[in-house]
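Read through the structure below, which is laid out as structure tokens, and then see the notes.
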Amino acid sequence: MESQVKTHISLASLLVILLAIAVGCTTTVSPPGHIELSATEFDFGTVLKTEPVSQAFRVRNVGQGMLEITTVSTSCGCTTAAVSSRRLAPGETADLLVTYDPRVHGGQTGQFMRVVYVRSDDPDTPEASLTMRVTVVEP
């Protein structure tokens with residue numbers, strides 16, 4: 001009788017251990033974040049070739065999970081972009097400051113188009129883009 005009790009206790013203990021391992025091994029998949037830019041196109045209009053211009057945009061997490069902005073880059077050295085925060089909780093926003101500097105082109109005038117790329121861990125939109133246009137003129 002005593003050995004049956006020990007066997008039952010051992011089996012019950014083993015079952016508890018296996019359940020604990022199973023619960024510990026399960027992963028909960030959190031919902032993803034989703035990126036939204038306040039604009040996908042912007043026209044700086046006409047600017048003097050001697051003056052840089054800047055514009056602020058918003059990056060918003062419209063998903064139900066955290067959003068991680070991994071990189072921000074531009075199509076040309078005349079354009080810079082920086083984001084105020086790289087991790088956004090659901091509903092949170094960050095500022096995206098974009099600057100176009102016509103002086104980088106050594107006095108060229110005319111119409112230009114540049115792109116800002118915002119890469120994130122959004123599974124649906126891993127790279128969001130903002131296309132900008134500008135017309136550079138003599139002072």
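Please treat every number below as a calculation from the coordinates, not as lab data. Only a predicted model underlies this, so the values are computations on that prediction, with no experimental measurement involved. We place every Cβ from the backbone using ideal geometry, glycine too, and count neighbours over all the protein chains shown.
So which of Arg114, Arg60, Arg133, Arg119 ends up being among the charged types (D, E, K, R), in contact with a Leu (Cβ under 8 Å, 6 or more places away or on another chain), surrounded by 14 or more Cβ atoms within 10 Å (Cβ to Cβ) and part of a strand (DSSP E or B)?
Working: Arg114 fails: in contact with a Leu (Cβ under 8 Å, 6 or more places away or on another chain); Arg133 fails: in contact with a Leu (Cβ under 8 Å, 6 or more places away or on another chain); Arg119 fails: in contact with a Leu (Cβ under 8 Å, 6 or more places away or on another chain).
Within the list Arg114, Arg60, Arg133, Arg119, the selection yields Arg60.
Kindly provide the set of residues from region 85-102 that are within 19 Å of Gly63 (Cα to Cα) and either assigned to a strand (DSSP E or B) or of a type in the set (Lys, Arg) (or both), ordered by number.
Residues satisfying the conditions are Arg86, Arg87, Leu88, Thr93, Ala94, Asp95, Leu96.
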- [ ] Please enumerate the residues belonging to region 63-84 that are in a loop (DSSP other than H, G, I, E, B) and exposed (fewer than 15 other Cβ atoms within 10 Å of the Cβ).
- [x] Gln64, Ser75, Cys76, Gly77, Ser84
Task: Lone unmet requirement of (1) under 17 Å from Glu36 (Cα atoms); (2) free of Cβ contacts under 8 Å to residues at least 24 places away in the same chain; (3) not acidic (Asp, Glu) for Thr80 - done: (1)
Open item on the list: If Ala89 satisfies all but one of (1) in contact with a Gly (Cβ under 9 Å, 6 or more places away or on another chain); (2) hydrophobic (A, V, I, L, M, F, W, C); (3) more than 30 Å from Ser30 (Cβ to Cβ), what's the number of the condition it fails?
Closed with: (3)
